[in-house]
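What follows is a short report on a single structure.
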2 protein chains.
Amino acid sequence: MPTIIPDIVISRLPIYLRALERLSQEGHEVTSSHELGKRLGISSAQIRKDLSHFGGFGKQGTGYRIPYLKDQLRQVLKVEQDWEIALIGAGDLGNAVARYRGFADRGFRIAYVFDNAPDKVGAHIDDFEVLPMDRLHETIVHNSIRIAMIAVPAEAAQIVADILVEAGIRAILNYAPINLVVPSDVRVQYIDPVIHLQRMTYYLP
Amino acid sequence: MPTIIPDIVISRLPIYLRALERLSQEGHEVTSSHELGKRLGISSAQIRKDLSHFGGFGKQGTGYRIPYLKDQLRQVLKVEQDWEIALIGAGDLGNAVARYRGFADRGFRIAYVFDNAPDKVGAHIDDFEVLPMDRLHETIVHNSIRIAMIAVPAEAAQIVADILVEAGIRAILNYAPINLVVPSDVRVQYIDPVIHLQRMTYYLP
DNA sequence: TAGATTGTTAATCGATTAACAATC
DNA sequence: TAGATTGTTAATCGATTAACAATC
């Protein structure tokens, strides 16, 4: 697409895609901006507007064919094939992330797990072996990995991020509760449950 | 405060608080909207505007005293004391969440863990015992729990949410990758790593 | 005092919504 | 055809930014 799409639009596409996958599972073949909006608590106008940035995916009178729209969104988001991910940190959280079944079929596959604790290196989590941190750089470079997840303690997160960026990582999902400093062409997303909780307590009596 | 504060402002306050905690740890006593903004990639004007909704926390010429501002933000967000949380789901993810040390000192404490798998009920995760699901309702009511975290498979999440709402839960942090339907006076926040990843792949070449 | 930085106002920018012609 | 729903335009709404007087 020629014009630049607002990031806030991009941020909603995965939500639409997730809802469409759910609708598929429930046996639906077709949906409408109205139905989707009601499920998601979003106005139907916004959904139509968002989708129209990428083309006309629907039909007047009938709505959207779910398999087609899913496919189109996957293409837009570039998740038709699986991206290999490097996971750094094999503690409780890293373990849980490594075992999480939810990445499959949604565009991602954890390919390598790293840690620097001597008692963890060489251990197995399901099918993969925990690799030592000194193999991090070479592994990323060699396998052209573009995405990494950080699941190390806050103190180590920035150091890990620096190595990742240096090795060519361009997208980081950071589970450590600190802000990372990275070059502007590297994207970072944060997962910090406390941030979400604090956002809700404001409204509690 | 009399006027209603935009939710987008509220959503940034926990980020500010986290950054202030970090600055404290690094030994800073004072900061400015400019310094804070540079760290967070937010304009200084926005930070001043956001904070000014709740009062004048700074001093012209010198900026903000960090301990004072932290304190004020904690009060605004209602996280000066710890909220007790019920965690539902003691699988890999539930385990990792239950063991996570990051809730302490940020306003939260996991108080109860539930699961319905016979091999998990009665087991211990650190100091707490996994309770059976049929004790969920009574435990929440009895202890006036207001916040819950859902870490069960997607198929079970809505059923669990219904029980939680019925029992008086008013804020839910949902780790299951589905949209929950709840009454409008119940807040839900979602943690789905795939959503964040898909938001980043759009920008990858 | 001079320099710095706040809190706030007004201007700008951008996102959401309402409405409707097009059309399946 | 009649009913439904899209894609899009224009209007509204809200959020961000720029600028500056106040003042530490």
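What follows draws every value from the coordinates through simple rules; no lab data is involved. Bear in mind that the values here come from a model prediction, so they are computed numbers and not experimental data. Note that each Cβ is placed from the backbone with ideal geometry, even for glycine, and that neighbours are counted across all protein chains shown.
See the values below:
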{"quantity": "Electrostatic dipole magnitude of segment B:33-162 [Cβ: Lys, Arg +1; Asp, Glu -1; Cα centre; debye, to 20]", "calculated": "1140 debye"}
{"quantity": "Unit Cα scatterers, Debye sum, the protein assembly as shown: log10 I(q)/I(0) for q = 0.06, 0.08 Å⁻¹", "calculated": "-0.26, -0.47"}
{"quantity": "Whole-Hz couplings from phi, Karplus 6.51/-1.76/1.60, listed for segment B:135-148; x for Gly and Pro", "calculated": "9, 4, 4, 4, 5, 5, 4, 4, 9, 6, 6, 10, 10, 9"}
{"quantity": "Residue (of B:Met133, A:Phe54, A:Gln25) at the positive-pole extreme of the protein assembly as shown, dipole from beta-carbon charges", "calculated": "A:Phe54"}
{"quantity": "Net charge dipole size for the protein assembly as shown [Lys, Arg +1 and Asp, Glu -1 on Cβ; Debye, nearest 20]", "calculated": "1700 debye"}
{"quantity": "Segment A:24-160: antiparallel DSSP beta bridges as a percent of all, rounded to 5", "calculated": "30 percent"}
{"quantity": "Within segment A:7-77: Cβ-based charge dipole about Cα centre, in debye rounded to nearest 20 (Lys, Arg +1; Asp, Glu -1)", "calculated": "80 debye"}
{"quantity": "Cubic angstrom per residue, convex hull over Cα atoms of segment A:53-191", "calculated": "132 Å³"}
{"quantity": "Copy-to-copy label separations for B:Lys38, where each label sits 7 Å from Cα toward Cβ, in nm and ascending", "calculated": "5.3"}
{"quantity": "Dipole of the protein assembly as shown [Lys/Arg +1, Asp/Glu -1 at C-beta], most positive-end residue of B:Ile159, A:Ala45, A:Leu180", "calculated": "A:Ala45"}
{"quantity": "Residue of chain B nearest the B-to-A rotation axis [by Cβ], rounded angstrom distance", "calculated": "B:Ala96, 2"}
{"quantity": "Computed FRET value (nearest 0.05) for A:Val141 with B:Phe128, which takes r as the C-beta separation and R₀ as 51 Å", "calculated": "0.70"}
{"quantity": "FRET efficiency estimate (nearest 0.05) - Cβ-Cβ, B:Ala45 to B:Arg22, R0 30 angstrom", "calculated": "0.85"}
{"quantity": "Relative contact order, percent, segment B:52-205 [alpha-carbon distance under 8 Å, six or more residues apart]", "calculated": "17 percent"}
{"quantity": "Cross-link pairs B:Lys38/B:Lys70; B:Lys38/B:Lys78; A:Lys49/A:Lys70; A:Lys120/B:Lys120 - those with Cα-Cα distance over 20 Å", "calculated": "B:Lys38/B:Lys78; A:Lys120/B:Lys120"}
{"quantity": "Estimated 222 nm signal from helices in the protein assembly as shown, with DSSP H stretches of n ≥ 4 weighted -39500 (n - 2.57), rounded to 500", "calculated": "-13000 deg cm²/dmol"}
{"quantity": "Per-selection Rg to Rh, segment B:7-77 - Cα, Kirkwood hydrodynamic radius", "calculated": "0.91"}
{"quantity": "Bins of 5 Å, starting at 0 and running to the largest distance - Cα pair percent for segment B:165-205", "calculated": "6, 20, 23, 18, 11, 11, 7, 4, 2, 0"}
